[in-house]
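Just below is one structure, and these are the notes that go with it.
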Number of protein chains: 2
Amino acid sequence: MEKRYYPYEDFLADTNALAQKIDWEFDTIIAIARGGLSLGHLFGEYYNIREVYSINTIGYEDTVKLEQVKVFNVPELSGAKNVLIVDDIVDSGDTMIEVLKVLHQAYPTVNFKTASLFYKKSAKIVPNWYVQEADRWIEFFWSVDLNRKK
Amino acid sequence: MEKRYYPYEDFLADTNALAQKIDWEFDTIIAIARGGLSLGHLFGEYYNIREVYSINTIGYEDTVKLEQVKVFNVPELSGAKNVLIVDDIVDSGDTMIEVLKVLHQAYPTVNFKTASLFYKKSAKIVPNWYVQEADRWIEFFWSVDLNRKK
């Protein structure tokens, strides 16, 4: 598949575009690790929210896609009312669907909404807010910049 | 205090320098939120570690320094043996000391080591690995780049 390198500058521009789209007040950010961590970081600073948590998933074992995404490291959300879940890309949608399911079950009274930089048309779920449609494999700067220095 | 803007390019160079210094094998990364999240993200990708967790602290209420740093959102570390704790800066050292204390108490058999981009000579604790000594207030890109786009 054709690849598109996604540098920090594009990430910054899209993170800004995403912030302009989000017309909702939230008190907590959950970043899906690892892809959503940098976005969660910048959003936490931008919105002045200290409650930036990570949640972890495994969708692949080595290169084999698992039947079901495993969600772990579910954060403790006492006091949270409106939680924005962020990720870099909603691809198949399996990860976001499973994260929402686990969080809804654990915290039935909390409101969850979702935001991502990229979204694929073929995904099973549309995030509440996204910036770009992905038509290629995205090489995010956080995945490749450091390895290039090796 | 004089300020130093710290752009993504410097962060990338220092993250690489930090990786070169770390002569230890670890299976888990804990990023102190928010400051350590971007570093945790790049390290997770670089070391191919999916177990990247966040831990949260409050050292200030508004602008008033608290007597003690509060640590919350302690990750579940079942299966972890060697855990690298990362942060952007070890300033007074209070945050890192309290995080280590809480983690040691919760997981007495796990090995914890610490790494940061910056370290202040006046800090009460020296991280196991760091890159630069901080002599000024650091304006990290993740704190200011997005706000500048407002």
*asked:* If A:Thr95 satisfies all but one of (1) free of Cβ contacts under 8 Å to residues at least 60 places away in the same chain; (2) over 14 Å from A:Ile29 (Cβ atoms); (3) open to solvent by 20 Å² or more (accessible area, probe 1.4 Å), what's the number of the condition it fails?
replied: (1)
*Can we say B:Asn147 is closer than 30 Å to A:Asn16 by Cβ, over 17 Å from the mean Cα position of the chain (by Cα) and within 11 Å of another protein chain (Cβ to nearest Cβ)?*
yes
*asked:* If I filter segment B:24-45 down to residues being surrounded by fewer than 24 Cβ atoms within 10 Å (Cβ to Cβ) and more than 7 Å from chain A (Cβ to nearest Cβ), which single residue comes out as nearest to B:Trp142 (Cα to Cα)?
replied: B:Thr28
*If you scan segment A:112-138, which residues turn out to be open to solvent by 40 Å² or more (accessible area, probe 1.4 Å) and touching a residue at least 60 places away in the same chain (Cβ under 8 Å)?*
A:Lys113, A:Asn128, A:Tyr130, A:Gln132, A:Arg136, A:Trp137
*Filter result for B:Lys101 (surrounded by fewer than 15 Cβ atoms within 10 Å (Cβ to Cβ), under 21 Å from B:Phe26 (Cα atoms) and of a type outside the set (Val, Ile, Thr))*: yes
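The values are calculated or read from the model by the stated rules, or taken from the named source; none is laboratory data. Predicted model, so just to flag it, every value in this text is computed and none were measured. We place every Cβ from the backbone using ideal geometry, glycine too, and count neighbours over all the protein chains shown. Remember, those area values only see protein heavy atoms, side chains included, never the ligands or the DNA or RNA. Shrake-Rupley method; radii C 1.70, N 1.55, O 1.52, S 1.80 Å.
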